[in-house]
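Notes to accompany the following structure.
We did not get these values from a lab; they are worked out from the coordinates using the rules stated. Everything quoted here is computed from the prediction, not taken from an experiment. All Cβ positions, even for glycine, are placed from backbone atoms using ideal geometry, and neighbour counts span all protein chains on display.
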């Protein structure tokens, strides 16, 4: 963490490293590499050249990325405090300062918030949100890790790990620690990184890394010297007795030794599915076949509002899934909208067996919403959804506001996103509108014919003993199956971080 003591920030950087493929003094994890704005080399990979001594670092705030330019002039300690380990660096650094990515990220963060003095105190999950642009939260274990909530917490942690979320924890203070853990090698009031969450042979275990710096490891149950290890568990967990600053701990001990859990809902592009649709709030043109989709929201400023004339999308969820919904005011080309409008987004239940556009927003229909309409470039919802069909409704505050938008869905399992367009009670007018309607009708008839032929073929195959029972198809497994395979590439080798 360096002489300046920004342990909370350096710990957040260590957690980012754990989400990648490992780091050392010369190799930076992809999660960290994406923070550096760089030209692309001939091989298509980012090329980082420090010859100019200037670096552009990408941070995230208020739903958008902002680039901070820093140089490689770093604060140093006095000569009598310099040693081979810190190479004179006063801030966070890799061992022997073999790489500059830690002090550069620290400097960019300091510059964005006004200077190194602004980093004297901070929260780990706030730093994770700034570095990733994703939702980050702190879960207090005094309630979540006790009683009936403890089982739910374990299931959530299994799913968090499987989703590729970044996990960490803050240890209890020495004054509140139980006597039995006072001399167990725990670093009190310090942030730890969680590498793995595993359920093996009925055991609930976590692999954890010490805070940045040189510290002794955990000495309790499932430590390197614990008698609880068997050849089977060592093999399944790929255990190795090494001085690597990492250790295993039971979930029960975890709940007693740590006071909070950090969860950054980081989206791993290799694990998550993506679907998106572009649209526009538009006043419409009957002759061109464009309907009015700028209906706005019901209010005293918009008493004649017709909710069904707002853009709506169908979201089909096929199995319990973690979902991130994003409404962005951008053009289809990816460019920002010329004017940021006050907008909101609703996720609503479809309560009919036949899909229909939402005509009113009531409490029993609302699953989640982004709140009152605000002028933000991007709005997000993080949800855990059960299988079913939902409607996404996006609207401006006042009718008549026009602008482009994009609805994007990220989920840990495949979902389907479709648009309702045009509104069912609006007849398309004009040559273009009538032609589009006719083509849609022809496509629907063709699809019905194909489905009917498939049904006949399935029936014949079943009668002949060739077809299988579609209900007997085995599901691809429990949502928590396979948990604990680790991040791609194995456990990050970030032992050089100090």
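Brief remarks follow.
- When each of 138, 79, 180 is scored by the number of other beta-carbon atoms lying within 10 Å, the sequence from fewest to most is 79, 180, 138.
- Relative to one another, the C-alpha centroids of the range 136-182 and the range 306-385 are positioned 32 Å apart.
- Rounded, prolate or oblate (a/c below 1.5 giving rounded, otherwise prolate when a/b exceeds b/c) for the range 182-226 by Cα gyration tensor: oblate
- Here the gap between residue 301 and residue 318, fully extended at 0.36 nm per residue and compared with their Cα-Cα distance, gives a gain of 2.2 nm.
- Per residue, the convex hull spanned by the Cα atoms of the range 148-282 measures out at 175 cubic angstrom.
- Per-peptide average of other Cβ atoms within 10 Å, ordering 105-111, 148-154, 332-338 highest first: 105-111, 148-154, 332-338
- Derived from the Cα gyration tensor, the three semi-axes of the equivalent ellipsoid of the range 273-427 are 23, 18, 15 Å, largest first.
- Orientation-averaged projection of the range 164-207 equals 4.0 nm² [convex hull of Cα atoms, one quarter of hull surface area].
- As a proxy for reagent exposure, 272, 248 were ordered by neighbouring Cβ count within 10 angstrom, fewest first; the result is 272, 248.
- Spherically averaged projected area of the convex hull of Cα atoms, the range 370-421: 4.8 nm².
- Set of the range 246-260 residues, backbone N closer than 13 Å to the point 7 Å along the Cα-Cβ line of residue 203: 248-252
- Gain in span if fully extended, residue 143 to residue 226, counting 0.36 nm per residue against the direct Cα distance: 27.0 nm
- For the range 270-365: rounded, prolate or oblate by the Cα gyration tensor [a/c cutoff 1.5]: oblate
- Most to least packed among 238-246, 286-294 [average Cβ atoms within 10 Å]: 286-294, 238-246
- If R0 is taken as 35 Å, the Cβ-Cβ distance between residue 288 and residue 386 corresponds to a FRET efficiency of 0.30.
- Quarter of Cα convex hull surface for the range 117-208, i.e. mean projection, nm²: 7.8
- Here each label is just a point 7 Å from Cα along the line to Cβ, and for residue 62 and residue 180 those points are 5.1 nm apart.
- Ordered by the count of other Cβ atoms within 10 Å of each Cβ, fewest first, 162, 219 give 219, 162.
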